[in-house]
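Chemist: Sharing a structure with you now.
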């Protein structure tokens, strides 16, 4: 067994180099889907599907009732729970819950970090992403899906120095100065990207709201595009959200509803090099404007620019950056200080 | 904390009623993507994407290099490993690794079962499924995706008595006699279904082969459509596959390559009511023909029709059926007898 085990460990270590330092003891783990609705297709012709060679051929009748717009949630419940409420992890646009798992270069991700700390953790795939599946398109999903090129993600997510900074050859990439993103594993990160629509916000919001109704009170840690969803759900379910951790939110909620957040602790984290990128400067300003409105309305908002705290080089994907656990520590310390951990 | 915990448990128990009976101790858990290739789009116009209200608008240039055809793998490594090699779980068509997680009615699935038994378990999403993502379509995926209606899955997977047996009202469903499928949770099962292509077999096979090269020697447990992939990978990597467990395989490998399986232990499981359904009678006969060829070529094939062993009522989705752990016990006992467990 030891040789076989070594082989497995060696194979995994190629891409999952460090992994968890200590055993993880779970009371349970599992998954479920939540939300969605039924839609009907009618009047379309039956088509024959080319089956596997040697298999039994199939006719597909597309007419009928479909389940659409559900989302997927995977949960890990520690044997010794130390968070006073569960912690929900919501990913950004064009990604899935994989965001918080093992980093692209095989290090420990935030999912394992928070589970090992004793948080009951719910990591999800939003509507039309990953294991949530996607509805018959173009029938029930308005607009076209967005597929991201390798260059686009590199240049937009403050890994590279904007347009023209991507190159397949790591040596020829132009990363942001002092970047913490593991650029040698950038190609592996691109395997995590999934198509997404910019037209499914209402369905996504509905599913997240159902999730909160089901598993909260809770803390929500959310990234980028999930900003609008988390802030809006928190406004609508303020009694169920004990704290929000906004990781470079790309937008806020509804400013008119901000008074609903009165008294709610909100930590917003922003990484490095934002001032080198006009688009990110605008995105940050936009989110900060919403947050300041929430503060004026009584929310307990802390805006933390990591470089000001001496934490430098973070890209938009700070949960994958080389110092990702240092950033996780910032969140953990804040949650402890807010009395949400024992 | 106890009240909050009770709330969580109560909420979860609505859909995850039983879950794991005993704590799960993991040495590690994590995920990775494997395989795929680069493709290029050129000559297309730039388009503006309607952004979140209040967000910063984006222009999307679709031209560039894309990563396509990778697959996703999530792994759970028990603190006390008892399988002599890892166990891989491969799902069927139109589904994902969720197949093996919590059942649609919230009971313990095969993933938790095998992890709790001490198997290092790798549960994956095949190419174009779930967290594997899917390639720019129609540019790089030939043919149209198949979306399954609620009726189709019910009527085709031997949950219902064929055409016309589905009804949204559980009381009006016509399930197979004595079915073990939790039909009261059928609607929840439909949330697990994802679009799939019948034209991506070569890419899927390539990615599974890379997975085996990376984490095996191993045992592969596979379902339905994964039959062709598992048998073909086993033929090509016979030195790395210690045993195959075929759960209602919908097809075999290449009969001409069957001699590669000489000496390999193969357990094939078939559920109940196959003789009531002409399509399933044909599918089973097709798979059995391949298996008998493999046996003649020296593979150690056991074909187990569960009803003959007194295990009745199993649908095509036996890992979700109410007696799913009884079926898992059949697999576990067989693996122990094959000397793959200590």
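Chemist: Counting DSSP beta bridges with both partners in chain A, what percentage is antiparallel, nearest 5?
Modeler: If we restrict to bridges inside chain A, about 50 percent are antiparallel.
Chemist: I would also like to ask the following. Under the definition of partner shielding as Cβ atoms of other protein chains within 10 Å of a residue Cβ, what is the mean value for peptide B:151-157?
Modeler: Shielding by partners across B:151-157 averages 2.
Chemist: Another question, then. Would you kindly state how much longer the chain becomes between residue B:210 and residue B:333 on full extension, computed as 0.36 nm times their sequence separation minus their alpha carbon distance, in nm to one decimal?
Modeler: The span from residue B:210 to residue B:333 would gain 41.4 nm if fully extended.
Chemist: Let me see the P(r) profile for region A:33-125: every Cα-Cα distance counted, bins of 5 Å, each bin given as a percent of all pairs.
Modeler: Spelled out bin by bin, region A:33-125 gives 3, 11, 14, 13, 11, 10, 10, 9, 9, 7, 3, 0 percent.
Chemist: Right, here's the next one. Could you tell me the ratio Rg/Rh of region B:218-307? Both radii from Cα atoms, Rh via Kirkwood.
Modeler: 0.95
Chemist: Between residue B:342 and residue A:342, how many nm apart are label points set 7 Å from Cα along the C-beta direction?
Modeler: So the two model labels end up 4.5 nm from each other.
Chemist: Can you list, shortest first and in nm, the gaps between the label point of residue A:281 and those of its counterparts in the other copies, using a point 7 Å from Cα in the C-beta direction?
Modeler: Sorted ascending, the copy-to-copy spacings read 7.5 nm.
Chemist: Inter-copy label distances at residue A:338, 7 Å along the Cα→beta-carbon direction, one decimal in nm, shortest first?
Modeler: In nanometres, ordered from closest: 4.9.
Chemist: So if each residue of separation counts as 0.36 nm, and I subtract the Cα-Cα distance between residue A:168 and residue A:47, what length gain in nm does that give?
Modeler: 39.4 nm
Chemist: Take every DSSP beta bridge with both residues inside region B:72-181 and express the antiparallel ones as a percent of the total, to the nearest 5.
Modeler: Given both bridge residues lie in region B:72-181, the antiparallel proportion sits at roughly 65 percent.
Chemist: Could you pull out which residues in region B:298-336 have an amide N less than 20 Å from a spot 7 Å beyond the Cα of residue B:292, following the Cα-Cβ vector?
Modeler: B:298-309
Chemist: Compute the label zone of residue B:239 within region B:279-319: residues whose backbone N is under 12 Å from the point 7 Å along Cα-to-Cβ.
Modeler: none
Chemist: So for region A:119-253, Kirkwood radius off the Cα pairs, Stokes-Einstein at 4 °C and 1.567 mPa s: how many µm² s⁻¹?
Modeler: 77
Chemist: Mind checking the mean number of beta-carbon atoms from other chains within 10 Å of the Cβ atoms in B:102-111?
Modeler: Mean partner shielding for this stretch: 2.
Chemist: Under the rule of -39500 (n - 2.57) per DSSP H run of 4 or more residues, summed and divided by the residues of chain A, what mean residue ellipticity at 222 nm is obtained, to the nearest 500 deg cm²/dmol?
Modeler: Taken over chain A, the calculation gives -8500 deg cm²/dmol.
Chemist: How big is the convex hull of the Cα atoms of region A:117-179, per residue, in Å³?
Modeler: 161
Chemist: Pick from A:108, A:26, A:89 the residue whose mean-square fluctuation is largest in a GNM of chain A, springs joining Cα atoms under 10 Å.
Modeler: Top of the fluctuation ranking is A:26.
Chemist: Next question, about the same structure. Using only the alpha carbons of region A:181-257, what is the convex hull's orientation-averaged projected area in square nanometres?
Modeler: For the Cα atoms of region A:181-257, the hull's average projected area reads 6.2 nm².
Chemist: From zero up to wherever the largest Cα-Cα distance of chain A sits, split into 10 Å bins and tell me the percent of pairs in each.
Modeler: 5, 23, 32, 24, 11, 4, 0
Chemist: Just grab the label-to-label distance for residue A:308 and residue B:63, each label 7 Å out from Cα along the Cβ direction, in nm (one decimal).
Modeler: 4.2
Chemist: Pull out a ≥ b ≥ c, the square roots of the eigenvalues of the alpha-carbon gyration tensor of region A:272-327, then state rounded if a/c is under 1.5, prolate if not and a/b is larger than b/c, and oblate in the remaining case.
Modeler: Cα axes put region A:272-327 in the oblate bin.
Chemist: Also, I was wondering about something else. Label position 7 Å from Cα toward Cβ: report the copy-to-copy distances for residue A:38 in nm, one decimal, ordered from shortest.
Modeler: For residue A:38, the other copies' label points sit at 4.8 nm, shortest first.
Chemist: On to the next question. Between residue B:254 and residue A:202, take the C-beta separation as r, use R0 = 35 Å, and let me know the FRET efficiency to the nearest 0.05.
Modeler: FRET efficiency, residue B:254 to residue A:202: 0.15.
Chemist: Hey, what D do you get for the protein assembly as shown in µm²/s if you plug the Kirkwood alpha-carbon radius into Stokes-Einstein at 20 °C and 1.002 mPa s?
Modeler: The calculation lands on 84 µm²/s.
Chemist: I'd like the antiparallel share, as a percent to the nearest 5, of DSSP beta bridges with both residues in the protein assembly as shown.
Modeler: Here the share of antiparallel DSSP bridges comes out near 55 percent.
Chemist: Then there's this: Can you compute the FRET efficiency between residue A:281 and residue B:139 using 1/(1 + (r/R0)^6), with r the Cβ-Cβ distance and R0 = 41 Å? Round to the nearest 0.05.
Modeler: Using R0 = 41 Å, I get an efficiency of 0.75.
Quick note: the coordinates plus some simple rules give every number you see, no bench work behind them. Everything quoted here is computed from the prediction, not taken from an experiment. For neighbour counting, all protein chains shown are included, and Cβ atoms are generated from backbone atoms with ideal geometry for every residue, glycine included.
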